[in-house]
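The values are calculated or read from the model by the stated rules, or taken from the named source; none is laboratory data. What you see is a predicted model; the values in this text were computed from it and never measured. Here Cβ is always computed from backbone atoms with ideal geometry, including for glycine, and neighbour counts include all displayed protein chains. Please note that ligands, DNA and RNA were not included when accessible areas were found on the heavy atoms of the full protein model with its side chains. Shrake-Rupley method; radii C 1.70, N 1.55, O 1.52, S 1.80 Å.
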Amino acid sequence: MMKKWLKAAELGFEKWGRAVVRFRWGVLVLSVLGLGGLFAQLPQLKFDTSTEGFFHEDDPALLQYERFKHQFGNDRAVVLMIEPEEVFAPETLKRLASLHADLESRLPHLDEIISLVNATSVRGEADQLIVEDLLENWPETPEAREALRQRVMNNPLYRDQIISEDGRLTAMVIRPVALVGEVAPEEDSGLLDFDGSGSAGTSDLLDFESSAAPEAGAPDLLGFEETPDPLAGPSAQAAGGVHELTLDEETEFMQVIREVVDSYRADDFRIYAAGMMVMESDIMNSMKSNMPRFTAIALGLITVLLFALFRRVSGVVLPLLTVVLALLSSLGLMAANGQPFTIISQILPSFLLAVGVGYSVHLLTIFYQELSQQPEPHEAIVQALAHSGLAILITSLTTAGGLLSFAGSGLAPVGNLGLYGAIGVMIAVAITLTTLPALLAVSRFAPTHPDQTPKPGRDSWLVRAGLLAVRRPWAVLGVSAVLAAVSLVSATQLRFEHDPVAWMPEGHDLRVSNAAINKEMKGASIAEVVVYGQGENAFKSRDLLNALEDFNRQAETVQVGALAVGKSTSMADTLKQIHQALNENRSDFYAIPQDSDLIAQELLLFENSGGDDLERQVDPLYTAARVTVKLPWVNANAYGPVLDELDQVASRTFGELGEARITGMVPLLARTAILMIASMIDSYLIAAGIITLLMMLVLGSWKLGLWSILPNFLPIILGLGVMHWVGLPLDVMSILVGSIALGLAVDDTIHFFHHFQRYYHETGSVEESVRQTLRTTGQAMLFTSVVLSIGFFTYIISEMNNLFSFGLITGLTILFAFLADLLVAPALMSLLHRKDSASVH
């Protein structure tokens, strides 16, 4: 029996419809004023594909990373690997020097470029320490070039940094400033620090939940009082005339690099570009080109389907107007609150278009049916709202509930998707229940043609399918159970993967470049280790520098499975070069001096000779030192064990001498993976709880509410099973499918059960109730499912594999949900109401 409050709610929507019709022009004016204010914010919408953008501003991992950058500079860089016919040939050296000079002269916000041209060369001459650029004296003769080659190949610090191990390739590292407005060093640093473009798995070594500041006794990383504290926030930095590189500035930086590099590319001078900045730029370019295309295609397909369904101009224009208003309002709200458009939120346009059209279609379907029965449009509007208003509102709440399950995510883009997606859904339903009826009330309608409404005596294939499920419920449920069991077994074999480079298609420059640099230069991914000593000048002591050297060498032996550390560098390597140069350049003196006073003297002599490498390796008071650990780019899951092992090596090596903390881009990506998995577990549970409660509420029965969940969980299990069968990875996009699809799938379920309850209350017959339900709302259910699935299927044309996977599985899940509502839901009703039906007959 239908609950009294449901009847009261329908009566309330009837009254609401009469109010909207009566004050239609006032409703439209208020709509224009309210939505117009949001539209005005659209030009302020920003894009952000950075790894840092995944974190909330107060995330401990991000704060720790910001402190690191503030002290030691930017670890984000562009790595160019150059493959000439011969590295040390005169023509190659000239091209390399020209490329270096062009980049240096044209790049805005440049911190440094490091290549064979200017890598720091340390040598001894008589009793002097000579610190100069590697090509300070140009090699004019074959003998000089051979001497240069020997010098480069014999320097351990150069190998796998600016020269490949076999000497066939050379690399160039281009790094922007960490903060715009800071005073950059006058000369380039010699310590080669590749970009942290890596991805990591879970690891307790990151210690992100603790304070970003070091323990008592460890120094403050900031070092210079005159430099604004990054932890004070962007506004404080801006007030000091200093700010982090903005998206526009970084885009300009990358654009200049691409223009210059493209002008130098040749068959005998191949250039491969990789690094975090290159990856983020490629994703940004792909997102900006794909999003308008997806939106346009979705709008075009929706237009065709709307015309096929209603065959009226109003049936096409009004739903499209409704969803476009909702979409632009949502994006305007994001812009007004300073929230950027990200790789995650790019699914919002197609999502909101599809969802918003569904709400309009359910209302218009009943409106046109009512209009065919009576010539008065205003009364048809009132009856349409009374009939469908509650179901539309409840479905919007379930969809918003599914999205809001993301709102508490530790990942900022996922949280924003949940929040602004839910707000967009509520804006869409508000427009559907206010603006759309007002627009209908001021419109004129031609008489309905006989073929525009279902024939009352003819059962459609939808009705026949539903009645088949009513008559053979055990067969339907048995087949469904078998499919669910097989899919569940397959779904449990899915493994989370996070590899943004693999999002690009086979043959893409980014994939080719990363593969080449992994193979020839041992990768371009970086984990940074900051070691805190005990007090000032700690890193002038023999014991701590020996430990630093020991850590470097042990780190280079770390290998877990197929992933091995490529190289580890620190101030210990610079000190060894200094000590060798001051001892007649003899290779047996390439070691840490075993006298602390001698160490202090050699470091001072190096600084006085013009060497600035130490600025990026140790803080001014010698209390904190940096170790740069280079890794190949691989799937994120492979990094966790390696980072764990590095943490153990650090603990054993430094002991009581110092405290080591790991930061940089690789650990940030590690935390991204950790938070993504944790967020999805929470969101699935929250979404399931919210939607179950809403189903109980709208159906007026806890028992019926619980049973109604089955047609919604089944499609998700089937979708995950398909992912495994076709070999698609569970990544940062496809892991969102569950909560999003659950919020969407339940919409048709609510419409089915809501109308079924209405007709069952009138007839007491399951068959007749299913027949009437599918006759009145079945077509709208089919249409909305097709529109929703098409909205997501548009992503399969994306060049990015993660969007392809997300769009395919979400679209299929929505179609599975429709079939579940068409077959499983009637079968359940047949079994649950069997006694009632028997008593009626």
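Between Val482 and Phe39, the FRET efficiency from the beta-carbon distance, with R0 = 41 Å, is close to 0.20.
Placing +1 on the Cβ of every Lys and Arg and -1 on the Cβ of every Asp and Glu, with nothing else charged, gives the chain a dipole about its Cα centre of roughly 6960 debye. Here the chain exposes an accessible surface that is 58 percent carbon and sulfur, computed with a 1.4 Å probe and the other protein chains kept in place. Relative to the current alpha-carbon distance between Ile797 and Phe445, full extension at 0.36 nm per residue lengthens the span by 122.9 nm.
Exposure check, 1.4 Å probe, all protein chains in place: Arg311 carries approximately 110 Å² of accessible surface. Two tests apply to each whole DSSP H helix in the chain, Cα reach of 30 Å or more along its axis and mean Kyte-Doolittle hydropathy of at least 0.5, and the ones passing both are 276-310, 313-336, 348-373, 377-404, 665-699.
Each peptide in 547-554, 667-674 receives the mean, over its residues, of other Cβ atoms within 10 Å, and ordering these scores from highest gives 667-674, 547-554. Beta bridges per DSSP, both residues in the chain: antiparallel share near 95 percent.
With all protein chains in place and ligands, DNA and RNA left out, the 1.4 Å accessible area ranks Leu411, Leu706 as Leu706, Leu411, largest first.
When Trp702, Trp461, Trp138 are compared by accessible surface with a 1.4 Å probe, the order from highest to lowest is Trp702, Trp461, Trp138. Protection proxy ranking for 491-504, 813-826, using the average of other Cβ atoms within 10 Å per residue and placing the highest first: 813-826, 491-504.
Counting only protein chain heavy atoms and rolling a 1.4 Å probe, the accessible areas of Thr322, Thr246 rank, largest first, as Thr246, Thr322. Computed with every protein chain present, the accessible area of Lys46 is close to 110 Å² [probe 1.4 Å]. The heavy atoms of Met695 offer some 0 square angstrom of accessible surface to a 1.4 angstrom probe. Rounded to the nearest 500, the helix-only mean residue ellipticity at 222 nm of the chain stands at -19000 deg cm²/dmol, with each DSSP H run of n ≥ 4 adding -39,500 (n - 2.57).
Restricting segment 21-54 to chymotrypsin sites (Phe, Trp or Tyr not before Pro) that sit in a DSSP loop and have at most 14 other Cβ atoms within 10 Å of their own Cβ leaves Phe23. The residues of the chain have, on average, 38 Å² of accessible surface per residue, using a 1.4 Å probe with all protein chains present. The value of relative contact order for the chain, using C-alpha pairs under 8 Å at least six residues apart, is 22 percent.
Non-local lysine pairs in segment 447-602, meaning eight or more places apart or on different chains, with alpha-carbon distances under 22 Å, amount to 4.
Here's how it looks for Gly523: its modeled amide H is under 5 Å from those of Asn518, which are all 5 or more places away or on a different chain. Three principal axis extents describe the C-alpha atoms of segment 304-367; from largest down they are 41, 19, 17 Å.
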